[in-house]
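Contents: one structure, followed by commentary.
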Amino acid sequence: METNQPEILTLKNAMGSVLSILNFGASLFSFKIKNNKGELIDVVVGPADPEVYTTAQYREENKCFGGSIGRFAGRISEGQFSIGEEKYSVYEEYEGAHLHGGKKGFQYRFWNIDSVSEGENPQAVLSYHSEHLEEGYPGNLKVQVTYQLTEDNQVKITYRAETDRDTIVNLTNHAYFNLNGSGSVSDHFMQVNASKILELDERNLPTGNLTKLKGHPKDHRESKLLGNRELDDVYVLDTMENETQVQLFSPLSGIKLKLKSNQPVVVIYSPESLPDKWQYLAQIDEKFPAVALEAQNYPDAPNFRNFPSSLLKKGEVYENEIVYSFSVK
């Protein structure tokens, strides 16, 4: 179903959890789960009014709440990349780099609602057709995302994409989490199964080098308090595919979140603050209100031969499977 109006799709399971998806940006709009007191709280942070997402002001702030990021999540340096002998120019503005798919990436587009199922393990399927040279990227790209809520409180997000000519693809979800359902994430504990992070320059662009985390303050291989720290780091994962990569835990609510994916890195982004222009679904603090866990390929991968390839060839299928597993202690 095609529409140019914000529409929220709602999935419910037998445990009383409620997952809400917004067709604009195929965004993870809300996820309500019971805490250790049996209260239903929303652990996803975003503007309460879905109309906000469609505004120019929302794009200018570029916080991408729950959005499906594409064609390429993260940064691309110097506003260009090459496929074979062909060079392609892309929009370059953010700190001298192309970011999150450009001026109007997938998170700022209306997606088609293909299907919504109810009952056990309900799911919603949305799709988007990105035309050849949209935002500078070659190839007509067909993208589909499936959101599924399982009966044991897993939120499964699966991105698939196909192209009619060689292109680059790196999709992810940009949901912000606060497992208290309010306040700050400073009291959350985080564990990341990564012994290295990607070295970034002053513009947050990769240098191509990896930094070992042994003895480093950003080493989270053991569960450690987040505290009052702004984070924007690319963790290079040690785990095998579909093993637990990140764990986030709130002692206050008793809620634990485990992230699994088939991707090589996870970008962990916890801004010091979020825009105060909008009312949010949760009563968040001004400081360190949320953290995003973005499973994806390396940023700027097209410009580094030593990074995993982001090339999607004609006839191939791109797939990114992200599973957020929630439990309550």
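The values are calculated or read from the model by the stated rules, or taken from the named source; none is laboratory data. Bear in mind that the values here come from a model prediction, so they are computed numbers and not experimental data. Don't worry about glycine lacking a Cβ; one is built from the backbone with ideal geometry, like all the others, and counts go over all protein chains shown. Just the protein is used for accessible areas: all its heavy atoms, side chains included, with ligands, DNA and RNA removed. Shrake-Rupley method; radii C 1.70, N 1.55, O 1.52, S 1.80 Å.
For region 144-230, the strands (runs of 3 or more DSSP E) that sit wholly inside it and include 3 or more residues that are within 21 Å of Ser68 (Cβ to Cβ) and at pLDDT 95 or above are 154-163.
Residues checked against (1) of a type in the set (D, E, K, R); (2) crowded, with 22+ Cβ neighbours inside 10 Å; (3) in contact with a helix residue (DSSP H, G or I) (Cβ under 7 Å, 6 or more places away or on another chain):
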{"site": "Phe24", "(1), (2), (3)": "no, yes, yes"}
{"site": "Ser30", "(1), (2), (3)": "no, yes, no"}
{"site": "Asn35", "(1), (2), (3)": "no, no, no"}
{"site": "Ile41", "(1), (2), (3)": "no, no, no"}
{"site": "Asp49", "(1), (2), (3)": "yes, no, no"}
{"site": "Thr55", "(1), (2), (3)": "no, no, no"}
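Scanning region 282-310 for residues that are farther than 18 Å from His174 by Cβ and touching a helix residue (DSSP H, G or I) at 6+ places or on another chain (Cβ under 8 Å), we see that the one that is most open to solvent (accessible area, probe 1.4 Å) is Ser309.
Go through region 227-248 and give me each residue that's surrounded by 20 or more Cβ atoms within 10 Å (Cβ to Cβ) and either touching a helix residue (DSSP H, G or I) at 6+ places or on another chain (Cβ under 6 Å) or under 26 Å from Ile33 (Cα atoms) (or both). Once the filter is applied, which keeps residues that are surrounded by 20 or more Cβ atoms within 10 Å (Cβ to Cβ) and either touching a helix residue (DSSP H, G or I) at 6+ places or on another chain (Cβ under 6 Å) or under 26 Å from Ile33 (Cα atoms) (or both), region 227-248 yields Gln245, Val246, Leu248. Quick one: Ala124 ticks every box in (1) of a type in the set (Gly, Ala, Ser); (2) over 30 Å from Ala14 (Cβ atoms); (3) buried (at least 19 other Cβ atoms within 10 Å of the Cβ) bar one, so which box is it? Failing condition for Ala124: (2). Checked against (1) at pLDDT 95 or above; (2) surrounded by fewer than 19 Cβ atoms within 10 Å (Cβ to Cβ); (3) more than 29 Å from Glu286 (Cβ to Cβ); (4) of a type outside the set (Val, Ile, Thr), Gln80 passes all but condition (1). With the condition kept exactly as written, say whether any residue in region 268-277 is out of contact with any Asp or Glu (no Cβ under 8 Å at 6 or more places or on another chain), open to solvent by 10 Å² or more (accessible area, probe 1.4 Å), part of a loop (DSSP other than H, G, I, E, B) and at pLDDT 95 or above. Yes, there is a match, as at least one residue in region 268-277 is out of contact with any Asp or Glu (no Cβ under 8 Å at 6 or more places or on another chain), open to solvent by 10 Å² or more (accessible area, probe 1.4 Å), part of a loop (DSSP other than H, G, I, E, B) and at pLDDT 95 or above. Among the candidates Glu230, Glu151, the residue that is in contact (Cβ under 8 Å) with a residue 40 or more places away in the chain, within 30 Å of Val18 (Cα to Cα) and over 21 Å from the mean Cα position of the chain (by Cα) is uniquely Glu151. Taken over region 185-195, the criterion of being over 20 Å from the mean Cα position of the chain (by Cα) and buried (at least 18 other Cβ atoms within 10 Å of the Cβ) is satisfied by no residue.
Matching residues to (1) closer than 21 Å to Tyr269 by Cβ; (2) among the charged types (D, E, K, R); (3) surrounded by 23 or more Cβ atoms within 10 Å (Cβ to Cβ):
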position: Glu162; (1), (2), (3): no, yes, no
position: Thr172; (1), (2), (3): yes, no, yes
position: Gly183; (1), (2), (3): yes, no, no
position: Ile197; (1), (2), (3): yes, no, no
position: Thr211; (1), (2), (3): yes, no, no
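Yes or no: region 314-328 includes at least one residue that is aliphatic (A, V, I, L, M), touching a Lys or Arg at 6+ places or on another chain (Cβ under 6 Å) and open to solvent by less than 60 Å² (accessible area, probe 1.4 Å). Within region 314-328, one or more residues are aliphatic (A, V, I, L, M), touching a Lys or Arg at 6+ places or on another chain (Cβ under 6 Å) and open to solvent by less than 60 Å² (accessible area, probe 1.4 Å).
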